[in-house]
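Report on the following structure.
The values are calculated or read from the model by the stated rules, or taken from the named source; none is laboratory data. What you see is a predicted model, and the numbers here were worked out from it, not measured in a lab. So basically every Cβ, Gly included, is an ideal-geometry build from the backbone, and we count neighbours across all protein chains shown.
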Amino acid sequence: MTTARSLRDKPIRAKLRAIVLIISGLAVAGSCTVFVAYQWFTSRNELAHRLGVMADIVGDQSTAALEFDQPTQAAIILRALKAERQILFAGIYSREGRLFASYVREGVDPIAIRAGPDPDGQTFDGGDLLVFHPMRSGGERIGTFGLRSDLADLRERLWINIGTAVLVLLGAGMAILYLSARLGGLVTEPVLRLAGAVQVITKQRDYSIRVERGGQDEMGHLIEGFNDMLSQIQARDAALASARDDLEKRVEERTRELQTEVAERRLAEKALQEKDIRLTEAQEIARMGSWEWVLSTSKISWSDEVYLIFGLLPQKFGGGLADFVNAAHPDDRVAFKEALETSCRNREPLTVDYRIIRPDGSVRYLHARGKAILDDSGRPVRVVGTLQDVTERKDADRAIQALNLELQGRMAELAAANKELEGFSYSVSHDLRAPLRSIDGYSRMLIEDYSDRVDGEGRRYLKVITDNTRKMGQLIDDLLAFSRMGRASLEASSIDMEGLARQVFSELREQHPDRTFELRLDPLPSGRGDPAMFRQVFINLISNAIKYSKGRNPAIIAIGSRVEPTETIYYVRDNGVGFEMQYAHKLFGVFQRLHSPQDFEGTGVGLALVQRIVQRHGGRVWAESKVGDGATFYFTQAPSKGANGGTPTGTRP
């Protein structure tokens, strides 16, 4: 690691030379080490083998001297080992282990003499080699021959080998330095050219510079790729310069947008704060608060408004499910607890009304709502909900129930009065019809029998009498129909509105053979109601359209519809005289007319009858017009909740 740090900032040529020198030196040093070690161990093994053979030969020659107890003869044989310079000591030991004869080289320390034999074999001791060999005669051991030899020759040979290895290592190092200096340029020159170009480009920011490729090796491909990269960078630099200008413009625009967004966000945050304040105020006004039940801990948490509803301080509420249930009226606790547990167990919304007793002893009615919140596996983990003080509403409900009881009594009285009125109406209509028939009959008799005796003015008087008698009869019929329509039962069924409108128009058209009509009947969706009553609706509306389009040639009657999400709107339009919209509210009242009887005959009951029929079916009716541009009358079926009888939103048909 130290070598790597020292080479980190060196030139690449020095790095390459150091790497080659280190690797090659390690390889040569390793080889020399192996060679020296091999020579050392091989020489030791050869010396041990040679001394073993020598001990075997000398031991055999000394067997007779030992056997016949001739130590002098044995000593003479041992002195023959003087020729072996490395022999320090040689000895013959008797069967009992006693030194029988010996040879000691001059100058050898007497400590080298072994008083007794060691175990057979070869051992190294204190840098010397010891060899002990058995002496046998006739297959029987009679003694031991021992040798002690130094290793001076081996050490001398070792140093010669080490010196040779050092010389080889130095020579190899010199050769490696020379060759790396001569051949290293093949690798370093392209790298140095590339590095020089990089320095120039970094300083000058000039991406038009190119590096000479050189060879076709990896460095050549690298330089070629570097040149291509410079070309791309040069092109991108130009594009970036253009993009930078565009980006600056966009940043300015975005900055202005962000400033606008920040201003809008501040306004939104302010509005949100105001909404939070209004929500808090609304909860206070509505006496409504929120609560949460964590199932794992069975803890209940209340909002501030809930504490106000219960009349408790936060430190007075225990915060457990039992505390929540016990806060209810004793008679409502079981039902309230069962409602909570059922909602949690069945994953159903919670809706329950119950009572509480506040610390001041007052009883309040609460309306609780909630739902279970589930985890990813579908198990409920908590229940959240709201509590609202509905005491005033409960009081109002009780008052309404009392009023309903009173109303039922009034309705019974009204039914009796209506029955009496119906009988009275029948009697009045019968009593009125009798004199009217008499007046009409005698007037016709005068005209038929005495027309030659009555002058023109008298005949005109008689005609006025008969005409008004007929109008009076029609008025009585309309009043009776209007009265019966409010009490008649509804026989609801599916109605073919298109076919009904076409049939009614055809019947009414036959009553005016001298006029020209154009019917524009669009496809009408089916309706549901009393067919006879809606037939009367179409009769009255189409009759009105025919009557008030008098003088138009042709008289155009348009009948169509429009389907809305909450209701179906039908209309009847004409191209007649129209009316002022400021008087539209009078159209559907009994005896209310916007035109004089001299211009357009009628009793003023037809549109009131239309309104009563439509309202009995849950619909509404209205009209739109412009003087001289005709009128359009609308009625609906299946009205949406909250319909107030006004003109519906949307495009006019």
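Residues are listed down the side, and each one gets a yes or a no for (1) part of a helix (DSSP H, G or I); (2) modelled with pLDDT under 70:
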| site | (1), (2) |
| --- | --- |
| LEU414 | yes, yes |
| ALA417 | yes, yes |
| GLY423 | yes, yes |
| VAL428 | yes, yes |
| ARG433 | yes, yes |
| ARG444 | yes, no |
| GLU448 | yes, no |
| SER451 | no, yes |
(message) Go through the stretch 146-164 and report how many residues are at pLDDT 80 or above and aliphatic (A, V, I, L, M).
(response) 3
(message) Quick check on my filter: what residues within the stretch 136-145 are touching a helix residue (DSSP H, G or I) at 6+ places or on another chain (Cβ under 8 Å) and modelled with pLDDT under 85?
(response) ARG136, SER137, ILE142, PHE145
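Residue-by-condition table, conditions (1) more than 20 Å from ARG148 (Cβ to Cβ); (2) surrounded by 13 or more Cβ atoms within 10 Å (Cβ to Cβ); (3) modelled with pLDDT of 75 or more; (4) touching a helix residue (DSSP H, G or I) at 6+ places or on another chain (Cβ under 7 Å):
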residue	(1), (2), (3), (4)
ALA55	no, yes, yes, no
ALA64	yes, yes, yes, no
ASP69	yes, no, yes, no
ILE111	no, no, no, no
(request) For the stretch 477-498, name all the residues that are at pLDDT 60 or above, within 16 Å of LEU541 (Cβ to Cβ) and either surrounded by fewer than 16 Cβ atoms within 10 Å (Cβ to Cβ) or touching a helix residue (DSSP H, G or I) at 6+ places or on another chain (Cβ under 6 Å) (or both). (result) ILE495
(message) Need the failing condition index for ARG157 against (1) closer than 24 Å to ALA65 by Cα; (2) outside any strand (DSSP E or B), just the number.
(response) (1)
(request) Pull up the stretch 184-212, narrow it to residues that are more than 15 Å from ILE233 (Cβ to Cβ) and part of a loop (DSSP other than H, G, I, E, B), then point me to the one that is modelled with the highest pLDDT. (result) GLU212
(message) Name the single residue that is modelled with the lowest pLDDT among those in the stretch 623-650 being farther than 11 Å from ILE569 by Cα and not small (Gly, Ala, Ser).
(response) THR649
(message) Take ASP360 and tell me if it is assigned to a loop (DSSP other than H, G, I, E, B), under 28 Å from the mean Cα position of the chain (by Cα), loosely packed, with under 12 Cβ neighbours inside 10 Å and acidic (Asp, Glu).
(response) no
(message) Any residue that is more than 23 Å from ARG157 (Cα to Cα) and out of contact with any Phe, Trp or Tyr (no Cβ under 6 Å at 6 or more places or on another chain) - is there at least one of those in the stretch 42-57?
(response) yes
(request) Would you mind finding the one in GLY116, GLY97 that is modelled with pLDDT of 75 or more and in contact with a Pro (Cβ under 7 Å, 6 or more places away or on another chain)? (result) GLY97
(request) Kindly provide the set of residues from the stretch 121-138 that are over 13 Å from SER149 (Cβ atoms) and surrounded by fewer than 12 Cβ atoms within 10 Å (Cβ to Cβ), ordered by number. (result) GLY121, GLY138
(message) Any residue that is among the acidic types (Asp, Glu), within 19 Å of THR123 (Cβ to Cβ), part of a helix (DSSP H, G or I) and touching a residue at least 12 places away in the same chain (Cβ under 8 Å) - is there at least one of those in the stretch 42-60?
(response) yes
(request) Assess whether ALA101 counts as being part of a helix (DSSP H, G or I), over 60 Å from the mean Cα position of the chain (by Cα) and either touching a residue at least 24 places away in the same chain (Cβ under 8 Å) or assigned by TED's automatic domain parsing to the domain that holds ILE142 (or both). (result) no
(message) Among the numbered criteria (1) over 18 Å from THR351 (Cα atoms); (2) part of a helix (DSSP H, G or I); (3) in the same structural domain as LYS371 (by TED's automatic domain parsing), which one does GLU281 miss?
(response) (3)
(request) Could you grab the pairs with beta carbons closer than 6 Å, sequence gap of 6+ or different chains, first residue in the stretch 136-155 and outside the structural domain of ASP56 (by TED's automatic domain parsing), second one among the hydroxyl-bearing types (Ser, Thr, Tyr) and crowded, with 18+ Cβ neighbours inside 10 Å? (result) none
